[in-house]
Amino acid sequence: MLQGDFERLCTELKHSPGNQLSRAIFDVLELKRAENSQGLGAHKEKLPVIWIETNDSGDNNISFMNTTYPYLDGVFQDMIDLLYSNTFMAAQGLDALEALQNAAKGYAGEFVLVVEGAIPVRDNGLYSIIAYAGHEPLTALKVVSLLGALAKYVVAVGTCASFGGPSAAKPNVASNVPVSDIVRRDVIKVSGCPVNPDWFVGTLAHLQLFGVPRLDEVGRPAMFYEFTVHRHCQRRSYFDRNEFAEKLGDIECMFSQGCVGPKTGSDCPYRLWVNHVSWPVKANTPCIGCTNPDFPDGSSPFFVPMPQKSQRRTNL
Amino acid sequence: MSRKFVMFSPVTRLSGLLSVEVTMEEDVVAEANVKGTLFRGFEWIMQGRHIRDAIYMTQRVCGICSMAHGACASYLLDDLYDNEISENGQLLRNIMYASDFLQNHIRHFYLFSMPDFVRMPDRPLFQGQDLSDLRLNPRDNETLVGHYFEAIKAAQESHQILTLFGGKAPHQHSFVEGGVAVAPTADKINQAMALIDNIRCFVRDRMVPDTDLLARVYRDYFSIGVTPARLISFGLFRFGPKTKPFCGKEVCWTKADLAWWTQARSMRRSPGPGFGYRESNSTTRIWVILIAITRVLKPLVGRPG
């Protein structure tokens, strides 16, 4: 509809009884929306997703459930078809295995493989078993390498899947490694312990709308991880004036309390967590760098200032 | 007698990986061995680390109950350092702990358990659902499916309370040894009260009636696979300036504990009058937690942080 038509419509109907003007405009809007449905964003195909859980705490799927705008049901309705997920799927036992098989076959080359958790490689991967087919253990090692070859995209969700994370913390008895060591292809690493739901749902949105997002030098979507926590921290002015907290709970800079914000790539300071209400430094505690490739060993001891961390860590 | 092995794997809708190996004799389950099939070795990870790291590291044991692990670490450090906890601090810790419990209960009941009893919509996520023992009439079924989707928001709001005071969730930051790093200012109390009001309505109008309905329709399930009452509890919330150890050598297995334990066991074995299924289900506990949060939040109003 042209501007002139719109103006004429308004003039004609401005004194009409009932809600004729509103209704007419609404009809036009609906028409316009239908026209636009071919355009970018309006006509999105849902992503088929196979979500494999391996060695982590399951915190990433819990954090994913905390997504707002869209809420979890909105994600399931408009963004993804979750074909297999140990956490959410209704099917159990053999039915679940069948669903996995069907998904892998039916959507080969199309599905997004989401891996949550690190992959233990010691003893042929026996320290993480997705399921048993009869008595045959389907190890995470086997399943992820198989599916990794069939997937369109591989997304590592959480720091364990991205870099090893707490699962691979010293002494790493089960030899946990990140997904990228197993699949030998590009992996989109959406790290965090847990992942912020916005980072993960935002990455899915990017895949759905535009394909693979621009990644930073360690393979994380740059739109969330490009800048350091320190750069955007609300308490940066305290740091610049050398005003440091004496204890947790203080309002000054948390560098003195072990904050690793200066070396941590994440948008926590303005993204915030769980409906965007808070983040660790707002809660008067240090950032422990949970998105980093060297988390947690590179951040520990958590409450010791950065310059002294490495010295203390040699005792680990 | 013919023996048959059944491998039930994977057991889905839980935090972690699980399989059950069942041995059947005729039609009876003779043995069921449950295997948790992921291993990270947290006992080794914790060794040699700075002791205060336990507050954040141990939360990484589990995503749905992270607060419980962090709380234990903080309580033990309180005991070790002989910390004096302010009354507000102790109360606020209880609120944070309870919010994580609310989240856990709601998600467990709706997202993890309900697809065993309710015919879910025909979407990829719910395909392959076991339909062999679905008993609800279509109207009740539809209602409960609706509540499944409402539960998503109620659980998210529970975690929002934890985040208001804890910085993030799961794996919150401010419940630490010595107290809480966040002051319960009026704005945060007010926001938490608004959230808890929403959650209370959800529990009252949805979760409790739904639990009652399922407990009624599947009444016979209460007597299937009853195990010996090998449960033990040393309490949950902490009050007062000193955090007492829960299982230190001077507390564990005193005569009083044994007497309580014996009494608790006998109650579980022979339910007295009025000790029916309602007490044994999770909604009783969720009510206690809701009342506890509201009671604790209210006196906090008007106190300076």
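Residue-by-condition table, conditions (1) of a type outside the set (S, T, N, Q); (2) at pLDDT 95 or above; (3) out of contact with any Pro (no Cβ under 7 Å at 6 or more places or on another chain):
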{"position": "B:Leu144", "(1), (2), (3)": "yes, yes, yes"}
{"position": "B:Tyr148", "(1), (2), (3)": "yes, yes, yes"}
{"position": "B:Lys153", "(1), (2), (3)": "yes, yes, yes"}
{"position": "B:Gln156", "(1), (2), (3)": "no, yes, yes"}
{"position": "B:Gly167", "(1), (2), (3)": "yes, yes, no"}
{"position": "B:Pro170", "(1), (2), (3)": "yes, yes, no"}
{"position": "B:Ala181", "(1), (2), (3)": "yes, yes, yes"}
{"position": "B:Pro184", "(1), (2), (3)": "yes, no, yes"}
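Scan region A:112-129 for residues that are hydrophobic (A, V, I, L, M, F, W, C), assigned to a strand (DSSP E or B) and touching a Ser or Thr at 6+ places or on another chain (Cβ under 7 Å) and report the count. Even if it seems obvious, please write down each step before you answer.
Step one: of region A:112-129, the residues hydrophobic (A, V, I, L, M, F, W, C) are A:112-115, A:118-119, A:121, A:126, A:129.
Then keep just the ones that are assigned to a strand (DSSP E or B); that gives A:112-115, A:118-119, A:129.
After this cut, where a residue has to be touching a Ser or Thr at 6+ places or on another chain (Cβ under 7 Å) as well, the list is A:115, A:118-119, A:129.
Residues flagged as hydrophobic (A, V, I, L, M, F, W, C), assigned to a strand (DSSP E or B) and touching a Ser or Thr at 6+ places or on another chain (Cβ under 7 Å) within region A:112-129 amount to 4.
Collect the residues in region B:175-191 that are within 10 Å of another protein chain (Cβ to nearest Cβ) and either without any contact (Cβ under 8 Å) to a residue 60 or more places away in the chain or on the phi > 0 side of the Ramachandran plot (or both), keeping them in residue-number order. Before the answer, list the steps.
As a first pass, look at region B:175-191 and keep what is within 10 Å of another protein chain (Cβ to nearest Cβ): B:175-183, B:188, B:191.
Residues satisfying the conditions are B:Gly178, B:Gly179, B:Ala181, B:Lys188, B:Gln191.
Of everything in region B:136-168 that's hydroxyl-bearing (Ser, Thr, Tyr) and under 21 Å from B:Leu213 (Cα atoms), which residue is nearest to the other protein chains (Cβ to nearest Cβ)?
Step one: of region B:136-168, the residues hydroxyl-bearing (Ser, Thr, Tyr) are B:143, B:148, B:158, B:163.
Keeping just the survivors that are under 21 Å from B:Leu213 (Cα atoms) gives B:143, B:148.
On the way: B:Thr143: 16, B:Tyr148: 9 Å.
Across region B:136-168, the extreme among qualifying residues is B:Tyr148.
Counting only residues that are within 10 Å of chain B (Cβ to nearest Cβ) and either surrounded by fewer than 22 Cβ atoms within 10 Å (Cβ to Cβ) or within 21 Å of A:Arg214 (Cα to Cα) (or both), how many does region A:171-188 have? Write out each step before concluding.
Of region A:171-188, the ones within 10 Å of chain B (Cβ to nearest Cβ) are A:171-174, A:176.
The next check asks that each one be either surrounded by fewer than 22 Cβ atoms within 10 Å (Cβ to Cβ) or within 21 Å of A:Arg214 (Cα to Cα) (or both); those that pass are A:171-173.
The qualifying residues number 3.
Which residue out of A:Ser300, A:Ser256 is of a type outside the set (A, V, I, L, M) and either within 11 Å of another protein chain (Cβ to nearest Cβ) or surrounded by 22 or more Cβ atoms within 10 Å (Cβ to Cβ) (or both)? Working first, answer last.
Working: A:Ser256 fails: either within 11 Å of another protein chain (Cβ to nearest Cβ) or surrounded by 22 or more Cβ atoms within 10 Å (Cβ to Cβ) (or both).
That would be A:Ser300, the only listed residue that is of a type outside the set (A, V, I, L, M) and either within 11 Å of another protein chain (Cβ to nearest Cβ) or surrounded by 22 or more Cβ atoms within 10 Å (Cβ to Cβ) (or both).
Which of the numbered conditions does B:Val22 fail, given that it passes all the others? Conditions: (1) of a type in the set (A, V, I, L, M); (2) within 13 Å of chain A (Cβ to nearest Cβ); (3) touching a helix residue (DSSP H, G or I) at 6+ places or on another chain (Cβ under 6 Å).
Only one criterion is unmet by B:Val22, namely (3).
Filter the helices (runs of 4 or more DSSP H) completely within region B:53-153 down to those with at least 3 residues that are closer than 29 Å to A:Leu97 by Cα. Reasoning before the result, please.
Numbers: elements: B:54-57, B:66-81, B:87-107.
Result: B:87-107.
List pairs: first in region A:89-108 and assigned by TED's automatic domain parsing to the domain that holds A:Val154, second in a helix (DSSP H, G or I) and of a type in the set (Gly, Ala, Ser), Cβ under 7 Å, 6+ apart or cross-chain?
Between residues of region A:89-108 that are assigned by TED's automatic domain parsing to the domain that holds A:Val154 and residues that are in a helix (DSSP H, G or I) and of a type in the set (Gly, Ala, Ser), the close pairs are A:Met89/A:Ala96; A:Met89/A:Ala99; A:Ala91/A:Ala99.
Being β-branched (Val, Ile, Thr) and assigned to a helix (DSSP H, G or I) is the filter; apply it to region B:154-201 and report the residue that is nearest to B:Arg52 (Cα to Cα). It would help to see each step written out before you state the result.
Residues of region B:154-201 β-branched (Val, Ile, Thr): B:161, B:163, B:176, B:180, B:182, B:185, B:189, B:196, B:199.
From the residues that got through so far, the ones that are assigned to a helix (DSSP H, G or I) too are B:161, B:163, B:189, B:196, B:199.
On the way: B:Ile161: 25, B:Thr163: 21, B:Ile189: 28, B:Ile196: 31, B:Ile199: 33 Å.
The residue in question is B:Thr163.
The values are calculated or read from the model by the stated rules, or taken from the named source; none is laboratory data. Quantities reported herein were computed from a predicted structural model and do not represent experimental measurements. Note that each Cβ is placed from the backbone with ideal geometry, even for glycine, and that neighbours are counted across all protein chains shown.
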